[in-house]
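Input: a single structure, listed below in structure tokens.
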């Protein structure tokens, strides 16, 4: 979430005016972060917001880097009336994304149209001009439903399909159609959604491709995973050829499941946001976040393993979580993953790992 307060510390802060009941100036979110953790000397470099996360990216060097980008990238003043929260980042600040060599921004979420259709147009233009691939929003329903195609040198491709659910707060008005731009939406009917996504995947998937279905679904807070989400995730794997389900909307990490050897991330949480000094919902510790490194066997699409690196948002930048914070995340995810039949481990370097419990002994 690189808009609002995060945008204000970058080299070209946009118009700080907001239309929220809570705050009327985006710079107030910077002040709240400073009151919590100390002064931020502005402007910061484009790499500043990634902090220690860049060390992990350099060390692991993932083949594909995918984020859910929850902001409009625009100078438009056409804020969406009645929405309540409107995220905006100045187009000149897009280098904060390329600083981490991001490959793909999924856009089917409840903030991409915060500044109207002109804001969406600006967002698409800015990202594509910077060489970033997008999925989940477009000038019409056909474009919004197209996958981002990430070519992997010598090994195949990653296809990223992106969809938004009304359960995450996306307005019905934001749905793309043949006549208007918008977001690629699901109908929140698991059987129908899986059939539609299966048709889309079949049209693009080639042998050796890995398919990611990135879905913005559910509420911001809470650990419950609705049965409809689990049903859809399972059907996407069984019928649509999806290899990784990348779920998001919750501001904190949620449980992780494996199904038929494939990975389901129900809620990745916010890697970065400007909530640092906002009171309320402290029990979720949303300042703690995870980087997810998912390893998949390209030949079969089977999950090999997941390494999750605990991070902490501090002064609108990412630092490695402390040992006690990493343990808190481990205990949290252990509780939530146990309900889904998976287990969480903690490595010597304070990363989390996912495994399935051993099969019971015969007899």
Item checked: Qualifying positions in region 196-223 - farther than 24 Å from residue 112 by Cβ and surrounded by 14 or more Cβ atoms within 10 Å (Cβ to Cβ) -> 198, 205, 209, 210, 223
Margin query: Considering only residues that are without any contact (Cβ under 8 Å) to a residue 40 or more places away in the chain and in contact with a strand residue (DSSP E or B) (Cβ under 7 Å, 6 or more places away or on another chain), which ones fall in region 129-145?
Written below: 132, 133, 134
Check: In region 194-228, which residues are in contact with a strand residue (DSSP E or B) (Cβ under 8 Å, 6 or more places away or on another chain), modelled with pLDDT of 95 or more and farther than 19 Å from residue 257 by Cα?
Finding: 197, 200, 201, 204, 205, 209
Check: Can you name the number of the only condition in (1) assigned to a loop (DSSP other than H, G, I, E, B); (2) modelled with pLDDT of 95 or more; (3) more than 17 Å from the chain's Cα centre (by Cα) that residue 231 fails?
Finding: (1)
Margin query: Checking the condition over 21 Å from the mean Cα position of the chain (by Cα), surrounded by 17 or more Cβ atoms within 10 Å (Cβ to Cβ) and at negative phi, which residue from 26, 53 passes?
Written below: 26
Next item on the list: For residue 159, work out the one condition from (1) closer than 24 Å to residue 227 by Cβ; (2) without any contact (Cβ under 8 Å) to a residue 60 or more places away in the chain it doesn't fulfil.
Entry: (1)
Margin query: Take the conditions touching a residue at least 40 places away in the same chain (Cβ under 8 Å), exposed (fewer than 14 other Cβ atoms within 10 Å of the Cβ) and under 20 Å from residue 287 (Cβ atoms) and apply them to residue 31. Does it pass?
Written below: no
Notebook entry, point to check: Among (1) in contact (Cβ under 8 Å) with a residue 12 or more places away in the chain; (2) surrounded by fewer than 21 Cβ atoms within 10 Å (Cβ to Cβ); (3) more than 29 Å from residue 147 (Cβ to Cβ); (4) touching a helix residue (DSSP H, G or I) at 6+ places or on another chain (Cβ under 8 Å), which single condition is residue 36 missing?
Noted result: (4)
Margin query: Looking only at region 66-82, count every residue that is surrounded by fewer than 16 Cβ atoms within 10 Å (Cβ to Cβ) and closer than 24 Å to residue 251 by Cβ and tell me the total.
Written below: 1
Notebook entry, point to check: residue 229 fails exactly one of the following numbered conditions: (1) without any contact (Cβ under 8 Å) to a residue 60 or more places away in the chain; (2) buried (at least 18 other Cβ atoms within 10 Å of the Cβ); (3) farther than 19 Å from residue 136 by Cβ. What is the number of that condition?
Noted result: (3)
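The values are calculated or read from the model by the stated rules, or taken from the named source; none is laboratory data. Just so you know, these numbers come straight off a predicted model, no measurement behind them. Note: ideal-geometry Cβ built from the backbone for every residue, glycine included; neighbour counts use all protein chains shown.
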